[in-house]
Each structure stands twice: as C-alpha cells, then as structure tokens.
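Reading through the structure tokens given below for one structure.
The values are calculated or read from the model by the stated rules, or taken from the named source; none is laboratory data. No experiment lies behind these values; they were computed from the predicted model shown. Methodologically, a virtual Cβ is constructed for each residue, glycine included, from the backbone with ideal geometry; neighbour enumeration extends over all protein chains shown. Calculation scope for accessible area: heavy atoms of the full protein, side chains included, ligands and nucleic acids excluded. Shrake-Rupley method; radii C 1.70, N 1.55, O 1.52, S 1.80 Å.
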Amino acid sequence: MKNSCLLVNSTVLLFATYSPINGQLNTNSGVQYLLSQSKDVSQEFLDLSNTYFFADSLATYNTTTGQGLIQWKREQLMPRQAFNANTYLHQPLKSLDFPATAYDNDPQLPFSIEPIDARTLRIRILTTPVITEDKDTLILAKQPADGSAKWKVTQTENTIVYTSKYGSLTIQQYPWRLILKDAEGRILTQTRCWRDNDSTQIKVAPFSFMKRGANNLRSINPVFSLQPSERIYGCGESFSSLNKVGQKVNLFVTDPQGPESPDMYKPIPFFMSSRGYGVFMHTSAPVTCDFGRSYIGATKLFMEDEACDLFLFLGDPKAVLSEYTALVGRPEMPPLWSFGTWMSRITYFSEKEGREVAHQLRANKIPSDVIHFDTGWFGTDWQCDYAFAIDRFDNPRKMLADLKAEGFRVSLWQLPYFTPKNKFFPELVKEGLYIHNGKGQLPYEDVVLDFTNPATVKWYQEKLANLIKMGVSAIKVDFGEGAPLDAIYHNGRSGLYEHNLYSLRYNKTVADIIRKIHGENIIWARSAWAGSQRYPLHWGGDAATTDTGMEGTLRGGLSLGLSGFCFWSNDIGGFVTQSPEELYRRWLPFGFLVSHSRIHGAPPTEPWCYGKAFTDYFRKCAGLKYQLMPYVYAQAKECTEKGWPMIRALFFEYPNDPGAWLIEDEYLFGSNLLVAPMLESGTGRDVYLPGTQKWIDYQTGAIYHPGWNHIQCGKLPIVILVKDGSAIPHIPVAQCTDQMQWDKVIWKKYLVDKQKAEGLLCLPSDGILKHIILLK
C-alpha cells in the first residue's frame with residue numbers, strides 16, 4: 001500500500017492510499033476494504049482524480065423508436081474553503097485529453113425509454129457510445145414485453161410526455177430531467193439537475209456518471225428527488241429500520257454474521273415508495289443507495305455499473321410488487337411438506353441421532369415433516385464430500401426410505417467452498433472448475449466453484465443428483481456470499497458483475513437438479529440476489545439468541561417480502577448459542593406463523609431437552625400451524641400467482657392507512673391474520689390494528705377496534721388477530737402433511753356481528769381447496 005498525493009494545477013487536493021491489489025484509490029483515509037465486507041460505492045464518487053459528467057440536455061429523441069441522445073457536461077470536483085468550512089464543489093472542466101479531436105469534451109450518449117406495461121417503463125442510459133447486445137437474462141425471468149400500445153406519447157417545445165391510465169413520465173429537454181407523475185398529475189419523483197441547487201448551500205451532484213482517474217472505468221449515479229414524509233421500503237433482507245429514508249444501504253451480497261447488522265445476505269436492487277412508485281435497478285454490480293442520508297431531499301443511487309438500466313413502476317405496494325415480480329419471476333409452489341416443521345440443530349452426526357429425533361417427534365406427537373442434517377453428516381465435520389460418513393451411517397438409503405415412510409423428508413447441508421484438505425480439492429484445481437484470479441490461479445486458499453462454467457455445474461449437479469436419487473428431498477444452499485470480487489469468471493466477466501450474481505447462480509443450480517429429479521421447487525438458501533425468489537426458499541441467517549436477534553430477524557423477513565420474495569424462514573430460537581427457554585417460548589409461535597418453520601441452532605434445540613412442559617408447549621405451537629395448513633397453502637398459492645409475500649408489512653394490505661406505514665414489529669400472515677410477536681418478556685403488548693374494520697383475537701375471541709390497543713396474550717405468548725368478516729379454513733392436526741385429512745377441512749367464521757355473514761371474506765381456490773363454502 002502506497003501513500004500518494006494528487007496534484008491538480010500544482011495544488012495539493014487530497015491524500016489517498018493506493019491499492020496495488022485492486023488498482024483503486026481508497027479515499028476513506030485509512031479504512032481498508034475487508035474481504036466480503038459490503039462495498040460503499042458512494043465513496044468512489046468523492047475522488048478528486050475522477051472526471052464527472054452531468055446530464056445537461058436532451059440532444060435528440062425519436063418518439064417512434066424511443067431512442068435519443070443526452071448531452072453531458074464535463075465537470076471536476078474541487079475543494080472549497082469558506083471561513084474554515086471545507087467542502088467539495090463540482091466545476092466545469094475543459095478537457096486536456098489528447099488528441100483533442102478524438103474525444104468530446106461534452107459527449108452525447110445513448111438514452112432510451114421502453115414501455116413494458118401500463119404501469120412500467122424501462123429507462124436505459126449509457127456512458128459510452130458503444131451499444132452492446134442485451135444477452136443477460138439471468139436476473140429477468142424473460143425478455144420484457146413491448147407495452148407501447150398502452151402509452152401515448154406527446155411532444156411540446158421542451159417536453160416529451162409518455163402517458164398511460166396510471167400516470168406519466170415527462171422528459172424535460174433542458175435542463176434534462178425525468179418527471180414521474182401519478183394519474184392525477186401529482187409529481188411522485190423526478191431526477192435532480194444542477195439548477196435544483198440554486199436555493200440551497202448544499203450542492204448536490206445531479207444525475208451524473210464519472211470516469212475514474214485510477215483506471216478510466218465509468219460508473220453512473222442516478223439522483224431522484226425525495227419528498228417530505230416520503231418513505232422507502234425494500235432493498236432486500238435488511239435488518240435495519242424498514243423505512244430506508246435516512247439510511248445508506250449497500251447492495252452487496254455479504255455474510256453479515258447475523259441479522260443484527262446493516263449488511264445483508266440478500267440485498268435486492270429494488271425499492272418502493274409510499275408515494276406510489278417503485279424502482280428496479282437491473283444490475284448485478286454493487287450499488288449504494290443513499291436515501292436522504294447525505295441530503296434529505298435526494299435519493300442517490302451510486303451504481304458501480306457503467307450503464308443505467310432502470311424500471312419505474314406506478315401504483316400502490318401490491319401493484320408495484322406484482323409488476324416487479326412479473327419481470328424477475330415468481331416461484332412455482334414449493335411442495336406441501338415444506339410448509340411443515342423442519343427439525344434441526346448444528347448438528348446431527350449420525351443415522352442413530354436422526355432416527356432418534358424422528359422417534360421422539362412421533363412419540364411426543366409433535367407435527368413435523370423434515371429432519372435436517374447440518375454440517376456433520378460427512379466423514380469430517382464441515383468438509384463437504386457428498387457422502388454419508390460410513391462409520392456413522394449404516395445404510396443411508398434405507399434410513400431415507402424408512403424416514404419417508406414415517407412422514408419425514410430429509411434435508412442435507414453443503415456449501416460451494418472446498419478447503420485444501422477436502423478430498424475434491426485436487427480434482428477441482430486440475431479440472432479448472434474454480435473461479436480464477438487475474439493470473440489464472442486461485443484467488444483464495446479455498447476453491448470456490450464457478451457456476452458460470454458449464455463443466456462446474458455438471459460436476460456439482462452430478463454430486464447432488466446421487467444424493468437426491470438416494471432419497472434426499474432438499475439441499476441446504478449455505479454460504480455463497482464470498483464469491484471473489486477481484487477475479488475472472490469462466491464467462492469472461494469480472495467479480496464486479498459476478499459477485500452479486502453468484503448467489504442467484506448457486507440457488508438456480510441446486511433448484512434445477514432437484515426439480516429435474518423430484519419435480520419439486522425447493523431449496524434452503526441463505527444468500528440471494530434479484531431473481532433468487534424464483535427458487536424458494538430462503539432463511540434469515542445466523543440470528544443471535546437474544547431479543548435483538550429476534551427483532552432483526554422479523555425486520556429482515558418483512559423487508560425481503562417487500563423485495564419480491566414470497567417465502568421466508570428463520571432459525572426459531574436463534575442460532576448462536578443454546579436458546580434461553582423464555583426466549584425460545586416467545587420465538588416459537590412467531591416462527592410457526594411464517595411460510596416455513598425450522599428449528600435450528602446450537603444444541604440442544606429439541607423440545608424434550610427442555611422438559612415435558614416445554615415439549616407440550618412446543619406441540620401446541622406446531623399444531624397451530626398444522627391446523628391452519630389449508631389457509632397457509634391457499635395463501636401461498638395466491639402469493640406465487642401475484643408475487644406477494646406470505647408475511648406482509650401492514651401497509652401492504654392497508655396503503656391508505658397512514659399508521660400502517662409506521663409499524664415494523666407486527667405483520668399480516670396472508671391477508672386475514674395479523675400477528676404481533678412478543679419481542680420482549682411480558683404478558684401483552686401495544687398493537688396497532690389497521691383499516692376500518694374490527695379485529696377478533698384468535699386465541700381469546702375478544703374484539704378490538706382499529707387503532708392502538710393494549711392486548712394481552714392468550715395461551716401462547718403472541719397476539720394473533722383475525723380480520724372481521726373472515727372465514728379461515730382449519731384441518732385436524734396430523735403428524736405430518738402426508739397424513740392430513742383434506743376431506744375434513746372446516747371453515748371457522750370470524751364475525752363481530754354473527755347475524756351478518758354477507759360479504760364474508762373468502763380465500764382463493766387452489767388444487768387442494770377445491771370448493772369455497774359460501775356462508776349466508
């Protein structure tokens with residue numbers, strides 16, 4: 001690492017450190033990047049060695065093709081001192097590039113608008129005149145449709161306006177600006193231009209891109225207005241406050257070591273606004289979103305990508321999420337058994353242990369469907385070799401068959417990293433199935449499988465196929481956050497564009513082989529990027545066994561749901577240490593009132609290890625979900641059809657209730673049940689009830705009015721409420737989903753006025769619930 005001094009016009013501007021590893025200047029003075037630490041792209045836009053280009057005006061535009069050119073103005077970042085207050089300001093720059101005839105001082109570069117649907121527009125802006133073929137469809141489920149017929153285009157002297165029945169997008173020619181409005185003409189958001197700084201001393205860089213002095217690579221920075229009281233949601237499985245306004249969010253797949261950090265296993269380049277719009281950044285490069293953190297009136301999207309490919313959506317949260325998931329894809333239904341109880345710990349080491357757990361679950365009459373073997377089913381713990389330890393598993397095939405006959409599927413842990421002591425390490429190196437560094441060798445000590453290499457995918461899927469054909473039902477797709485950033489992948493792309501995509505490729509590779517053999521869409525994954533929602537399901541990572549771990553877990557699940565993921569789970573009780581019984585008790589009903597429910601973490605996790613009273617309590621919590629399975633499955637089916645989450649922030653169902661946008665510690669489980677977990681010890685809690693209808697306590701039958709209520713828990717330490725006018729299907733509790741008696745489904749009606757059943761809310765029909773009972 002060398003210290004260097006940047007000189008411009010013989011004036012010392014900035015001291016920085018230069019990294020010979022990545023060839024970049026680290027301007028955050030002494031704070032170095034750590035491997036797999038989230039990347040703050042915004043810092044790279046503060047480098048005085050960069051050249052900046054501001055979107056200035058619309059040079060040309062063809063309303064028939066939707067293509068044109070933006071005129072960009074060349075700028076430089078200069079220091080300014082005023083009464084001992086030091087700032088940086090952008091100033092016009094005359095190019096000194098040579099030869100001058102070869103490079104434009106103020107370039108004109110491609111810009112296009114593509115209508116996709118009546119609610120969706122695609123905006124593409126390039127920072128180079130070279131237009132490349134759009135080959136990458138991995139994030140998008142398919143190429144977007146042509147929705148031109150749903151938009152009308154009009155032109156005036158200074159504007160071009162796209163209008164649909166849901167709103168409009170105006171292109172202002174000078175100064176260049178995009179203005180998004182709703183159907184009533186209210187401005188939802190607009191790009192910022194330099195003129196917006198006339199009335200403020202805080203000079204915010206407008207919509208721009210920069211060319212790095214270190215290597216001439218370009219990155220783009222879309223900047224939009226952020227209105228007073230506006231709230232922003234999404235960005236993946238974020239564990240910080242659901243409302244992202246005031247936060248800087250790094251969209252960079254990493255291992256945050258648990259859901260108590262601002263970093264994420266599952267960052268997603270999508271967000272929605274309380275003002276009625278959403279934004280999807282179609283990129284795999286790192287992004288830092290500054291939602292009013294550095295300037296309260298601006299949303300700054302620092303994209304390391306050299307191109308800007310944005311999809312803008314119009315509508316309320318349900319409409320926006322449906323539009324977004326129509327682009328990136330929705331999951332096929334996971335198998336019914338996956339909605340049951342998954343029993344696990346870190347870890348079961350033998351066939352004897354697995355059979356004993358299955359025996360205890362049935363002996364204690366605890367409804368359950370899955371036994372998971374974590375890191376210890378190999379000959380050496382954590383050393384993945386795709387083979388059951390021969391000294392601890394007498395007959396794996398028979399074990400799998402016997403467990404299935406008892407109603408248990410089996411899930412197995414593995415990971416895509418191979419240490420030098422792993423038996424496959426020499427083979428993987430010899431065959432070149434790993435991600436390479438610039439020298440063509442290993443970037444790490446470990447082999448990291450390269451899923452852009454078809455030969456790697458074939459090798460890996462063959463290993464998994466042997467297990468799946470043996471009778472394994474699910475594979476835990478652990479890790480995947482450590483794909484090398486400074487590396488070259490088999491497809492020729494660098495880690496800059498492949499790091500975030502790695503988890504999606506990993507998810508897809510495992511899901512594809514399970515679907516091919518079993519015909520079921522099921523994995524158990526930790527890391528994700530946009531597109532991963534097609535391959536359920538994902539869990540919330542290694543939660544602390546604390547109230548804070550539970551709180552972060554809930555926030556992460558709600559945030560991921562607002563980012564296009566229908567299904568989600570968590571480690572009930574926390575992961576890191578043995579869960580304290582009191583915390584475990586509070587976490588259990590919450591963990592069973594999400595789409596998928598797994599007990600996992602440091603041992604012991606098994607209820608009988610806590611005594612008979614706890615075992616009886618555990619049985620009640622599991623039974624609650626199993627008797628609600630018709631409701632769970634029907635709601636899940638609707639979610640896969642519309643791209644909605646199973647656990648929903650209150651505003652998702654009640655966007656017109658201002659109070660609903662403020663709640664972060666309650667959720668709707670499907671459309672009819674409201675759940676308020678006990679995040680701290682106690683016998684009750686304050687609960688906000690949205691909408692205008694009354695709510696009925698699922699456990700006690702008590703009736704509550706909308707607004708704030710203090711509600712005591714029932715027999716289970718959790719508050720569960722049913723929307724007035726609902727009919728909730730129940731089924732007799734079975735020991736596993738295979739044994740459920742679907743001909744004995746009964747509908748329980750929840751009515752404040754039992755004399756009025758008219759208008760009763762009912763559930764959508766699906767393959768199991770063939771008939772809806774209409775109560776009159």
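Numbers below:
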quantity: Coil-residue trypsin sites (Lys or Arg not before Pro) of the range 432-532, DSSP, other Cβ within 10 Å capped at 13; calculated: 439
quantity: Gain on full stretching of the segment that runs from residue 141 to residue 243 - 0.36 nm per residue minus C-alpha separation; calculated: 33.9 nm
quantity: FRET efficiency, 1/(1 + (r/R0)^6) with R0 51 Å, evaluated for residue 82 and residue 693 via beta carbons; calculated: 0.35
quantity: Between the range 325-360 and the range 115-161, the alpha-carbon center distance in angstrom; calculated: 41 Å
quantity: Radius ratio Rg over Rh of the range 247-291, counting only Cα atoms, Kirkwood formula for Rh; calculated: 0.99
quantity: Global geometry of the range 529-636, whether rounded, prolate or oblate, following the gyration tensor of its Cα atoms and the 1.5 cut on a/c; calculated: oblate
quantity: Candidate lysines - alpha carbon under 17 Å from residue 421, same-chain residues fewer than 8 apart omitted; calculated: 430
quantity: Cα radius of gyration and Dmax for the range 427-505 (Å); calculated: 13.2, 42
quantity: Cα gyration tensor, the range 113-272 - rounded (a/c under 1.5), prolate or oblate; calculated: rounded
quantity: Cα gyration tensor shape for the range 609-752, rounded if a/c is under 1.5, else prolate or oblate; calculated: oblate
quantity: Euclidean distance of C-alpha centroids, the range 393-410 and the range 38-55, integer Å; calculated: 56 Å
quantity: CD proxy at 222 nm, helix term only [per DSSP H run n ≥ 4: -39500 (n - 2.57); per residue of the chain; nearest 500]; calculated: -5500 deg cm²/dmol
quantity: With Cα atoms, 0 to 90° folded angle of helix 501-518 axis to the chain main axis; calculated: 40 degrees
quantity: Förster-model FRET efficiency, 51 Å R0, residue 203 and residue 620, C-beta, rounded to 0.05; calculated: 0.25
quantity: Label-point separation, residue 429 to residue 390 (7 Å along Cα→Cβ), nm; calculated: 2.5 nm
quantity: Separation of the residue 296 and residue 383 label points, Cα + 7 Å toward Cβ, nm; calculated: 5.9 nm
quantity: Between the range 213-238 and the range 60-93, the Cα center-to-center distance that results, in Å; calculated: 17 Å
quantity: From the coordinates shown, volume of the Cα convex hull per residue in Å³ corresponds to which of (i) 175; (ii) 196; (iii) 440; calculated: (i)
quantity: Cross-link table 300/439; 508/723; 150/508; 266/398; 352/469; 300/637, entries beyond 29 Å C-alpha to C-alpha; calculated: 300/439; 508/723; 150/508; 266/398; 300/637
quantity: Residue-normalised accessible area of the chain, expressed per residue, 1.4 Å probe, Å²; calculated: 39 Å²
quantity: Options 153, 229, 191, ranked by Cα towards positive dipole end of the range 110-229, top entry (Cβ charges); calculated: 229
quantity: Peptide ranges 584-590, 293-299, 85-91 listed from the most packed, as the mean C-beta count within 10 angstrom indicates; calculated: 584-590, 293-299, 85-91
quantity: Protein accessible area in the chain, 1.4 Å probe - carbon and sulfur %; calculated: 51 percent
quantity: Neighbourhood net charge (13 Å Cβ-Cβ; Lys/Arg +1, Asp/Glu -1) for residue 182; calculated: +3
quantity: Rounded to 10°, Cα long-axis angle of helix 612-627 versus longest principal axis of the chain; calculated: 70 degrees
quantity: Between 0 and 90°, nearest 10: helix 581-592 axis offset from the chain longest Cα axis; calculated: 80 degrees
quantity: Neighbourhood net charge (12 Å Cβ-Cβ; Lys/Arg +1, Asp/Glu -1) for residue 688; calculated: -4
quantity: Surface/4 of the Cα convex hull for the range 349-430, nm²; calculated: 5.7 nm²
